[in-house]
1. Within segment 168-181, track down each residue that is in contact with a Ser or Thr (Cβ under 6 Å, 6 or more places away or on another chain) and buried (at least 16 other Cβ atoms within 10 Å of the Cβ).
2. Tell me, which strands (runs of 3 or more DSSP E) lie completely within segment 161-213 with 3 or more residues that are farther than 13 Å from Phe279 by Cβ?
3. Failed condition for Ala192, given (1) touching a residue at least 40 places away in the same chain (Cβ under 8 Å); (2) exposed (fewer than 14 other Cβ atoms within 10 Å of the Cβ), with all others met?
4. Can you run down the residue pairs with Cβ atoms below 6 Å, 6 or more apart or on separate chains, where the first is in segment 246-263 and in contact (Cβ under 8 Å) with a residue 60 or more places away in the chain and the partner is of a type in the set (Asp, Glu) and buried (at least 18 other Cβ atoms within 10 Å of the Cβ)?
Amino acid sequence: MKVSTLLFIFLASLNCALANDIDNLQTTDDVQKFLEEKVNRKWRKVQFFEDILTEESSTYGKGKFIKIDLDNNGLTDLIINAKYLFAVTDKGNGKYESHFIDRDNFKGRNYTLKSIFYVDKTPLLIIEKYSAFNLEDQVNPKPDTLTLIFGEFYEYNSTPDHFIIDEIRFTTSYCFGTCPVFELIVSSDGTANYHAIKYNDQSGKFHTVIDMVSIHKLFDSINYLNLTSLKDQYHVNWTDDQTATLEIKFNNGQVKKISDYGMIATFGLQHVYAQFFEFRKSQKWNR
């Protein structure tokens, strides 16, 4: 009897030890406190579950949170569908990362979670645009299917491309403000040339060899975009924003060039752009 009691206590304590902070969340107040104290202390002034325009009765609707392992690392992650739609992933050792699906800009692009299903144990999120002010977004909304890959949410692609990329050129334009204006050219061997034109931490022309982990991530994420389905030009319906131009040269001589005014054409493109912005700070540049 004593042995079975001790075994029960041991197993109970083991389960508690294996459970992370997210596993213990039961209410929206718990989630709010977790976001403030564990994820980002700057969020203390943000009330995620207040001022929601319309709470939805569905399982995944506005005002809800969902516990799920998004990146298949065995740790429970969190999806918050409230004032904003975003996820928090548990990276272990008390470290968390946030991944926003809403894409706020001059007019804001907000989304709501409609469903979750699995393909080969990989969770896929079905989302739709959500707005109480834009009727166009409410009439026959077009859903997107997202998956967490390369550390961010991309449109799900069951058959990624295997293009061999020779060179990528990424440029940004001026905007009404202090948007960083630069050009960055990256070759397949990692050699890169960076021209910091305006509103960057430094100015002038630089070169370096980007680490291969970052190069592989960049090329793999581009091959995941389903390039042949993407248009050559995108634009938002407001003014004074920035344009990104992505030009990809393949080893067969073909070129894919995308001009994106507003820089939010697709979730995947947005995260590819972010990698170039990050290169400016993460790499050691030489004049």
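Just so you know, all these numbers are worked out from the coordinates, no wet-lab data involved. As the structure is a computational prediction, the values presented were derived from the model and not from experiment. As a convention, Cβ positions derive from the backbone with ideal geometry for all residues, glycine included, and neighbour counts pool all protein chains shown.
1. Going through segment 168-181, the residues in contact with a Ser or Thr (Cβ under 6 Å, 6 or more places away or on another chain) turn out to be 171, 173, 181.
If the condition is that a residue be in contact with a Ser or Thr (Cβ under 6 Å, 6 or more places away or on another chain) and buried (at least 16 other Cβ atoms within 10 Å of the Cβ), then Thr171, Val181 are the ones that fit.
2. Because the criterion is at least 3 residues that are farther than 13 Å from Phe279 by Cβ, the strands (runs of 3 or more DSSP E) in segment 161-213 that meet it are 165-172.
3. (2)
4. Matching pairs, first to second residue: Gly262/Asp241.
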